[in-house]
Amino acid sequence: MTGRKDATTAGAALLVAAVVGLAVAPGLEPGVQDLGTTLLVYLTVAQAWNILAGFAGQVSLGAAAFVATGAYTAGLALAHTSIGWAAAVALAGAIAGLIAAMLAVPLLRLRGDYFTIGTLAASIAVQALLTNWNWAGGASGLTLPIDRIPAGTTLLRLAVVVAAAAMGLTAYVRYSAFGLRLGALRDNEPAAAGLGVAVYGHRFATWVGSSVLTGMAGAVVAYQYVAVSPSGVASVNWSLDAVLMALVGGAGSLIGPVLGTTIVYYGLTRMLEDFQVLSLLVEGTLLVLIVRFAPAGVLALLTRAARPLRRAATLPAAGTEPA
Amino acid sequence: MIRRIVATALAVTTTVGLTACGSNSSSEGSTDAVVIGASMMLSGQTNLETIRDGYQWAVDEANAAGGIDVGGAKRKVTLKILDNRGDTNTMVQQVRSLALQDKAAALLGSCCQQNIDMSAQADSLKTPLVMGALPIELRPDGKGYVWDSFQSLVDGAGGFFQVAATAGTNKKILLITNNDSQGKSTADLYKGLAGKAGFTVAVSTDAPAGTTDYSDAIGKAKAAGAEVVIASMTPPDCFAMWKQMKALAYTPKLAIGLQCAQTPGWASLGAVGAGTLVQMSWIRTSGLPKADEVVSKYSAKYPNDNDLSSVALGYHEATILLAAITKAGSTDHEKVNAAIGQTDLSSALGKVSFAGGKSATPSFVGQWNADGTITQVWPKQGASALKSLSGLA
Amino acid sequence: MSADVLVAGLLSGGLYALIGLGISLVFGVLKVMNLMHGELVLGGAYLAALLVGSAGFDPLVALPFAMLGVALIAYPLQRYLLTGLLRANGSAPMVATFGLSLVAQAALQAAFGTDPRALSAPYAQAGFTVLGVRVQAVYAISFALTVVLCGVTHLVLSRTRAGSAVRAAAADPTTASMLGINVGRVYALTLAGSAALAAAAGVMTGVAQSFTPSAGLPLLLTGFAVMALAGIGSVGGVLLGGITLGLLQSLSTAYFGGGWRNFVVYTVFFLALSFRPTGLFRRVAHA
């Protein structure tokens, strides 16, 4: 069973990566720690989108709503109660899940592009609501109590744990029977339903799971930003970035979003920050080229480019292999 | 075939690009230059290149003199400015990378709501931040790393009501603001001061940024007979509202556009914008230090006093910061921060002396002319006579 | 709550309908969410600004040229790029239009700078009184223009050969191409037509309000809201959808205050989409 073997390898690799991340965090420069935290937050949001869109075929433009829910939940919990920051992260995930479950009633009736604009509309309604919510600071938002939130090493470690949860859930979806059924649903819903796949249950579970992850990432964002406001954490850019990062790397794969996050945030946003026009141009062109020539993302390109090399390397040894 | 080639080319470019980017980023950061960072809106809805020019002017001036004195040694100043396109997320990430990766000794501000979001970062990164373009009442209370030297809403509002008292209106006001913190504070302040000045707020309403239809507010103002308009909004919103006031035949006798008329784009409204009042922190007739130099150096690039006031503001902020670094004799965040607190100098916006992180600079009230220039109408010194609100008549 | 406010809401609804018409046409025929629709609208505004600025045209005279210009840009994009993606997996064309919207923003910013602009015209700030109701001229003009363009679009779709080819391609592209219809060309013409409608909306927006290179997103959302209220691909419904949106904005401002306007609008948009995905006016439009 190669599937199970792959799953074990992926799980082990993920565990090693997480442990290494937690272990090296204290030794890093503050600037690198901060960059790492940002990358891991984006990875979590992109991976959560990937679970929903890449594996379940539900293209969402609503990630911002859950980043905002998580950030505000953590911020309000710390400002008004005495709970610790770790509990606030869990609470952020829980509230994001709860709101997702409520939104599921209208949203999951929608299919295809209708679902996409539905999520977009919901997310903008959330932003408008936060802007008017005076108890939570209205348009100027709220500032978290600085001495009660994690920073530096601790914040990076938190980001590692949250991102590992996102990677773990994606790995589960990638290798489990649940994920197989999800794929069947994505590719042909009537056929999958005919074979007895519980359509609503599967869509609901993915939608809520993805939102919980995004909400937890939102709490990390709140700790990093210290001040949360509707123009920041509820900005539609979160949703657009998630799509960009997952697609550039390769949606529907485990590693794709990792590559995509690195390329888009580190390779484009950060490196071209002095040239905003160029940065827009490159991001746009890259997206068009990827969709046109490499719909499976950069990951597939790298795999394809590496294949002849690997074959060349293995040929002399494996002489019996059919050509 | 083409597909394969393009695909491979893409993969190679991305990989090479990433490797190249990775290698050049680590070679930055020379040890002897003092780094000052700023993340500003240089594209998008608002463009602050005027303030950036002011920052650059102060830094160039310092570098031309061989750098600034830091603990007895002359050190050059590197000004690192990033464009955040007006996006809050980008701004936060840029501020963090300026402080943590570029090791900026201190930060300079952007404007408006962004300065509020930025304040929390300065406190959390324990990095001093000198800013303007945020009325000092709006500076959030924090942990002591944020310094705001700018006009105060109260002074400006007081000036406006002095001007308004001479205008011969029925003293009934239409007050309309954006629903952000600046808008709300402005609304509260003007409501409070209106009564003391003998005015009544006949209609008070708010609108989210991006509103294009103001017929509700205009209708109510007409019904209430309000002859004074006080609007605090983003420029595109004001453009739409001023056109609509004209089209709906609402004819106030006096109007002030807070924030929104403070843009050179106001001139593109043409005659409709003429006579509108604007609150300023600098004007060429102000008699402030360096005013003539601002005009002679920058009026070719920015003919308008609004833009020139932003250049003066940028110069003012950067001067405060550079002087404090010299006074601290170090680029240590705590020492620089303490030195800013003891600032005692006079720059392009006048005298600076911080109390509770705030230092009020003088306010001026100007009036737009049909030819796109602005004339000072308050305070008396340097002022010309108030003209009628011809654009909306 | 005065009649002025209701009329203003109704008339601004005309402009919203014009923004939504193109987006609805493309979705109806190509089944693609065109995320660069906002930039097509802006393209019209900027092209008109060029003509107004350099040749001294009145914006209404510049309008047909702006429509043609933006259509000429859109045609090859669909013909040689986007149509090829329609056979690929579900979200590919939508993502490509998002990529193109970023490229368009960069191009507009590089060419025109970021300062807000407005198209000046004598009717931009003119108004008149009808039956005691004060009306803003530019919104009355754009409402009339919308009605005309909706009518033209409806007639082209229902009465011409090209229109029946579009309807055939929309209903079943495979069969249509077997019947000898060049589906690729029909799709490209559809996007070009939608772009021309967008450009017209852009010119009117530029006269009535103002625009910047990054103003595409709110315009796009307006278009989506109209489409969700109207029902996808129905021309008559689009007009009613636009008017509904305009009235919704006016009424929510009057009753709840301006601050809540966006919340009310997007919540209604969301609920209408979810519980009546065929639109509020589907039946009206077909009747």
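The values are calculated or read from the model by the stated rules, or taken from the named source; none is laboratory data. Source: prediction; values computed, not measured. Every residue, glycine as well, gets a Cβ built from its backbone with ideal geometry; the counts of neighbours run over all protein chains shown.
Considering only residues that are more than 12 Å from every other protein chain (Cβ to nearest Cβ) and part of a loop (DSSP other than H, G, I, E, B), look in the stretch B:252-267 and name the one that is surrounded by the fewest Cβ atoms within 10 Å (Cβ to Cβ). Outline the logic, then answer.
The first filter runs over the stretch B:252-267 and keeps only residues more than 12 Å from every other protein chain (Cβ to nearest Cβ), leaving B:252-259, B:261-262.
In the following step, the residues that additionally are part of a loop (DSSP other than H, G, I, E, B) were identified as B:252-253, B:259, B:261-262.
Details: B:Pro252: 21, B:Lys253: 18, B:Gln259: 24, B:Ala261: 28, B:Gln262: 22.
For the stretch B:252-267, the residue satisfying everything is B:Lys253.
If I go through the stretch C:115-150 residue by residue, how many of them are in a strand (DSSP E or B) and within 11 Å of chain B (Cβ to nearest Cβ)?
Start the filter on the stretch C:115-150 by keeping residues that are in a strand (DSSP E or B), which leaves C:117, C:127-130, C:133-136.
Going one step further and asking which of them are within 11 Å of chain B (Cβ to nearest Cβ), we end up with C:117, C:127-129, C:133-136.
Total meeting the criteria: 8.
Which of the residues belonging to the stretch C:230-252 are at pLDDT below 85 and either closer than 14 Å to C:Val268 by Cβ or of a type in the set (S, T, N, Q) (or both)?
Result: C:Ala230, C:Ser234.
Here are some residues: C:Leu240, C:Leu217, C:Leu229. Which one is within 11 Å of chain B (Cβ to nearest Cβ), more than 18 Å from B:Asn178 (Cα to Cα) and either crowded, with 24+ Cβ neighbours inside 10 Å or touching a residue at least 40 places away in the same chain (Cβ under 8 Å) (or both)? Steps first, answer last, please.
Working: C:Leu240 fails: within 11 Å of chain B (Cβ to nearest Cβ); C:Leu229 fails: within 11 Å of chain B (Cβ to nearest Cβ).
Only one candidate qualifies: C:Leu217.
Which of the residues spanning the stretch A:265-288 are within 12 Å of chain C (Cβ to nearest Cβ) and touching a residue at least 12 places away in the same chain (Cβ under 8 Å)? Talk me through it step by step, then tell me what you get.
We begin by selecting, within the stretch A:265-288, every residue within 12 Å of chain C (Cβ to nearest Cβ); these are A:268, A:272, A:275-288.
Correct list: A:Leu268, A:Val282, A:Glu283, A:Leu286, A:Leu287.
Mind checking whether some residue in the stretch A:50-59 is farther than 17 Å from A:Tyr172 by Cα, touching a residue at least 60 places away in the same chain (Cβ under 8 Å) and within 14 Å of chain C (Cβ to nearest Cβ)?
Looking for residues that are farther than 17 Å from A:Tyr172 by Cα, touching a residue at least 60 places away in the same chain (Cβ under 8 Å) and within 14 Å of chain C (Cβ to nearest Cβ), one finds at least one in the stretch A:50-59, hence yes.
How many of the residues in the stretch C:107-141 are over 25 Å from C:Gly56 (Cβ atoms) and of a type outside the set (Gly, Ala, Ser)?
8
Can you give me the number of residues within the stretch B:130-147 that are more than 14 Å from every other protein chain (Cβ to nearest Cβ) and under 11 Å from the mean Cα position of the chain (by Cα)? Steps first, please.
Going through the stretch B:130-147, the residues more than 14 Å from every other protein chain (Cβ to nearest Cβ) turn out to be B:130-133, B:136, B:147.
Right, trim to under 11 Å from the mean Cα position of the chain (by Cα) and you get B:131-133.
Residues that pass the stated criteria total 3.
Please find, among C:Ala8, C:Ala74, the residue that is surrounded by 22 or more Cβ atoms within 10 Å (Cβ to Cβ) and more than 25 Å from C:Gln249 (Cβ to Cβ). Quick ask: steps written out before the conclusion?
Working: C:Ala8 fails: more than 25 Å from C:Gln249 (Cβ to Cβ).
Criteria check complete, one pass: C:Ala74.
Can you confirm whether B:Gly66 is surrounded by 24 or more Cβ atoms within 10 Å (Cβ to Cβ), more than 15 Å from the chain's Cα centre (by Cα), of a type outside the set (A, V, I, L, M, F, W, C) and not in a helix (DSSP H, G or I)? Reasoning before the result, please.
Numbers: surrounded by 24 or more Cβ atoms within 10 Å (Cβ to Cβ): no; more than 15 Å from the chain's Cα centre (by Cα): yes; of a type outside the set (A, V, I, L, M, F, W, C): yes; not in a helix (DSSP H, G or I): yes.
Judged against the criteria, B:Gly66 is not a match.
Name the residue, out of C:Thr146, C:Thr190, C:Thr160, that is of a type outside the set (A, V, I, L, M, F, W, C) and either over 17 Å from the mean Cα position of the chain (by Cα) or surrounded by fewer than 22 Cβ atoms within 10 Å (Cβ to Cβ) (or both). Write out each step before concluding.
Details: C:Thr146 fails: either over 17 Å from the mean Cα position of the chain (by Cα) or surrounded by fewer than 22 Cβ atoms within 10 Å (Cβ to Cβ) (or both); C:Thr190 fails: either over 17 Å from the mean Cα position of the chain (by Cα) or surrounded by fewer than 22 Cβ atoms within 10 Å (Cβ to Cβ) (or both).
After ruling out the rest, the residue left standing is C:Thr160.
Consider C:Leu35 carefully, then state whether it is hydrophobic (A, V, I, L, M, F, W, C), outside any loop (DSSP other than H, G, I, E, B), surrounded by 20 or more Cβ atoms within 10 Å (Cβ to Cβ) and facing chain A (nearest Cβ under 10 Å).
Spelling it out, it is not the case that C:Leu35 is hydrophobic (A, V, I, L, M, F, W, C), outside any loop (DSSP other than H, G, I, E, B), surrounded by 20 or more Cβ atoms within 10 Å (Cβ to Cβ) and facing chain A (nearest Cβ under 10 Å).
Could you say which residue among B:Ser353, B:Ser347, B:Ser359 is of a type in the set (Gly, Ala, Ser) and more than 19 Å from the chain's Cα centre (by Cα)? Break it down into steps so the answer makes sense when it comes.
Details: B:Ser347 fails: more than 19 Å from the chain's Cα centre (by Cα); B:Ser359 fails: more than 19 Å from the chain's Cα centre (by Cα).
Within the list B:Ser353, B:Ser347, B:Ser359, the selection yields B:Ser353.
Which numbered condition trips up C:Leu47, out of (1) crowded, with 24+ Cβ neighbours inside 10 Å; (2) touching a residue at least 40 places away in the same chain (Cβ under 8 Å)?
The failed condition is (1).
In the stretch B:191-248, which residue that is assigned to a strand (DSSP E or B) and more than 14 Å from chain C (Cβ to nearest Cβ) is surrounded by the fewest Cβ atoms within 10 Å (Cβ to Cβ)? So that I can check it myself, show each step before the final result.
To start, the set of residues in the stretch B:191-248 that are assigned to a strand (DSSP E or B) comprises B:200-207, B:228-232.
Next, only the ones that are more than 14 Å from chain C (Cβ to nearest Cβ) stay: B:200-202, B:228-230.
Values: B:Thr200: 14, B:Val201: 19, B:Ala202: 20, B:Val228: 27, B:Val229: 27, B:Ile230: 28.
Here the residue is B:Thr200.
Do any strands (runs of 3 or more DSSP E) lying entirely in the stretch B:268-385 carry at least 1 residues that are in contact (Cβ under 8 Å) with a residue 60 or more places away in the chain and among the aliphatic types (A, V, I, L, M), and which ones are they?
On the way: elements: B:277-280, B:345-347, B:350-352, B:358-361, B:364-368, B:374-378.
Passing ranges, in order: B:277-280, B:350-352, B:358-361, B:364-368, B:374-378.
Of the conditions (1) in contact with a strand residue (DSSP E or B) (Cβ under 8 Å, 6 or more places away or on another chain); (2) of a type in the set (S, T, N, Q); (3) farther than 28 Å from C:Ala104 by Cα, C:Thr267 fails just one. Which one is it?
Of (1) in contact with a strand residue (DSSP E or B) (Cβ under 8 Å, 6 or more places away or on another chain); (2) of a type in the set (S, T, N, Q); (3) farther than 28 Å from C:Ala104 by Cα, only one is false for C:Thr267: (1).
If I filter the stretch A:32-42 for residues that are in contact (Cβ under 8 Å) with a residue 12 or more places away in the chain and more than 14 Å from chain B (Cβ to nearest Cβ), do I get at least one hit? Explain how you work it out, then say what you get.
Step one: filter the stretch A:32-42 for residues in contact (Cβ under 8 Å) with a residue 12 or more places away in the chain, giving A:33-42.
Now drop any that are not more than 14 Å from chain B (Cβ to nearest Cβ), which leaves none.
Looking through the stretch A:32-42, none of the residues is in contact (Cβ under 8 Å) with a residue 12 or more places away in the chain and more than 14 Å from chain B (Cβ to nearest Cβ).
Residues being at positive phi and touching a Ser or Thr at 6+ places or on another chain (Cβ under 6 Å): count how many of those fall in the stretch B:230-269. Before the answer, list the steps.
First, pick out the residues of the stretch B:230-269 that are at positive phi: B:249, B:259.
Now restrict to residues that are touching a Ser or Thr at 6+ places or on another chain (Cβ under 6 Å): B:259.
Going through the stretch B:230-269 one residue at a time, the tally reaches 1.
Touching a residue at least 24 places away in the same chain (Cβ under 8 Å) and away from every other protein chain (no Cβ under 14 Å): does that describe A:Ala65? Talk me through it step by step, then tell me what you get.
Numbers: touching a residue at least 24 places away in the same chain (Cβ under 8 Å): yes; away from every other protein chain (no Cβ under 14 Å): no.
Here the answer is no, as A:Ala65 does not meet what is asked.
In this structure, does A:Gly179 turn out to be of a type in the set (Gly, Ala, Ser) and either away from every other protein chain (no Cβ under 13 Å) or closer than 30 Å to A:Pro26 by Cα (or both)?
Working: of a type in the set (Gly, Ala, Ser): yes; either away from every other protein chain (no Cβ under 13 Å) or closer than 30 Å to A:Pro26 by Cα (or both): yes.
Yes.
Which of the following residues is in the same structural domain as B:Lys301 (by TED's automatic domain parsing), farther than 22 Å from A:Pro230 by Cα, surrounded by fewer than 23 Cβ atoms within 10 Å (Cβ to Cβ) and modelled with pLDDT of 95 or more: B:Asp102, B:Asp53?
Numbers: B:Asp102 fails: modelled with pLDDT of 95 or more.
Only one candidate passes the filter, namely B:Asp53.
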